[in-house]
Amino acid sequence: MSSTTTVTVPEVALKHGNARPMPAIGMGTANFPVVHDTIRDAVLAAAELGFRHFDTASMYGTEPPLGDALAEALRRGLVASREEVFVTTKLWCTQCQPHLVLPSLRQSLQNLQLEYVDLYLIHWPVSLKPGPKVFPAKREDAVPFDFEGVWREMEECHRLGLAKAIGVSNFTTTHLDKIMATATVPPAVNQVEMNPVWQQRKLREYCAEKGIHVTAYSPLGGQNWSGEGNAVMDSEVLAEIAKARGKSLAQVALRWIYEQGVTPIVKSFSKERLKQNLEIFDWELTDDDLLKVSQLAQKKMVTAAGFFSSEGEFNSVDLADMEIVEA
Ligand SMILES: NC(=O)c1ccc[n+]([C@@H]2O[C@H](COP(=O)([O-])OP(=O)(O)OC[C@H]3O[C@@H](n4cnc5c(N)ncnc54)[C@H](OP(=O)(O)O)[C@@H]3O)[C@@H](O)[C@H]2O)c1
């Protein structure tokens, strides 16, 4: 358990790799456009409140402000040592080629001012031609994903001690099968969209069998990534549960994820909401609450189709092979 002045955050032991235990809630840093000082200050506020688990990616452009904030938190004594924090970053699709994996992690470590990350993830089961990071991606830039070669290099990052644990993100059971067929060090984590309106039951069952810990991005429904609003924060059922428990709707969503054995990665840059998001460990949902959540209509916000521009053609790959919606 990591102790703070305000909250004691439980930790989860990962089954693969040799990372320190993962604090059971993480702070997300994806936010566009990137405003360096805003992100650095938000991470400092989070560290002061008790967050010890931070999520970034080379794609987000938030490695440099996160690195600055962690260095400052250590200088100020908000965090006692590097070992006290758990930092995740991710390999972007334009670097999903065996020879680019290790140089990409080295660049991320430089951005973060760290000697190692606790967790390095393949961001998407999508490989794009090397080049600038563009979103949405061009269809003609998608190339076949060399799962065996890329995972071998992820294992090399781990062997060198640059990533204490390695894993994947947005992988379905089909993608995971391809990694499991070749892995010497299995993925420790699969980070996927998960919240009360996208519960990922099939994927979670598979991951539990293989000892892969699931972390949940967009636990509050995200930042309107799909342009279709937010089915979590607008849920009347969740609002009713929140009222009955004397908690906020966001806390109900985060608590529900935690009770499923999954670690929420939640983004807030507001001190008040960061504090609220940490206060989910000393109360419980009732059986009736859990039943109501289990009956919510399901709706996924992030899809492979939404990742690509609607124009152009796929040359050498099928969109279906990259789809992140579990059948
Ligand atoms: N692996 C992937 O492909 C992937 C994809 C998406 C995200 N992620 C990671 O997961 C993190 C979280 O996901 P996300 O950013 O999509 O969405 P999220 O955490 O579900 O939602 C973030 C939004 O909720 C608001 N919020 C936070 N706490 C709140 C509270 N207590 N009450 C009301 N509103 C609250 C935030 O606004 P304020 O800042 O104003 O509080 C922000 O607009 C990202 O930052 C990123 O690190 C990974």
Can you list which of the trypsin sites (Lys or Arg not before Pro) found in region 274-304 are DSSP loop residues with at most 14 other C-beta atoms within 10 Å? LYS299
As an exercise, use a Förster radius of 41 Å and the Cβ-Cβ distance of GLU115 and ALA320 to find the FRET efficiency, rounded to the nearest 0.05. 0.55
For the modelled label position 7 Å from the Cα of ARG139 along Cα-to-Cβ, which residues of region 288-327 have backbone nitrogen atoms closer than 16 Å? 304-323
Of the candidates GLN200, GLN97, GLN298, which one comes out as most mobile in a Gaussian network treatment of the chain with C-alpha springs shorter than 10 Å? GLN298
Pairs of Cα atoms under 8 Å, at least six residues apart: use those to get the relative contact order of the chain, whole percent. 19 percent
So which of LYS210/LYS267; LYS90/LYS138; LYS133/LYS271; LYS138/LYS299; LYS15/LYS267; LYS15/LYS292 end up more than 23 Å apart by C-alpha? LYS210/LYS267; LYS133/LYS271; LYS138/LYS299; LYS15/LYS267; LYS15/LYS292
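Tally Lys/Arg at +1 and Asp/Glu at -1 over every other residue whose Cβ is under 12 Å from the Cβ of ASN277; what's the total?
Residues near ASN277 contribute +4 overall.
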Region 191-236: GluC sites (Glu not before Pro) in DSSP coil with no more than 16 other Cβ atoms inside 10 Å: GLU228
Where Lys and Arg each count +1 and Asp and Glu each count -1, what net charge lies around ARG20 among other residues with Cβ under 11 Å from its Cβ? -1
Environment charge of THR303, counting only residues whose C-beta is closer than 12 Å and scoring Lys/Arg +1, Asp/Glu -1: -2
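Run through the DSSP bridge list for region 11-314 and note the antiparallel percent, rounded to the nearest 5.
Numbers: 5 of 31 bridges.
Taking every DSSP beta bridge with both residues in region 11-314, the antiparallel ones total about 15 percent.
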With the chain treated as a Gaussian network of Cα nodes joined by springs under 10 Å, which of LEU100, LEU162, LEU278 yields the largest mean-square fluctuation? LEU100
Scan region 230-324 for chymotrypsin sites (Phe, Trp or Tyr not before Pro) in coil per DSSP, keeping those whose Cβ has at most 12 other Cβ atoms within 10 Å, and list them by number. TRP283
Between GLU311 and THR8, what length comes free when the chain is fully extended (0.36 nm per residue of separation minus the Cα-Cα distance, one decimal in nm)? 104.2 nm
5 angstrom amide H check on ILE122, placed H, neighbours 5+ away: LEU91, GLY167, VAL168, SER169
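Laboratory data are not the source of any read-out in this text; all were calculated from the coordinates shown. Quick caveat: nothing in here was measured; it's all calculated off a predicted structure. No Cβ is skipped: glycine too gets one built from the backbone with ideal geometry, and neighbour counts run over all protein chains shown.
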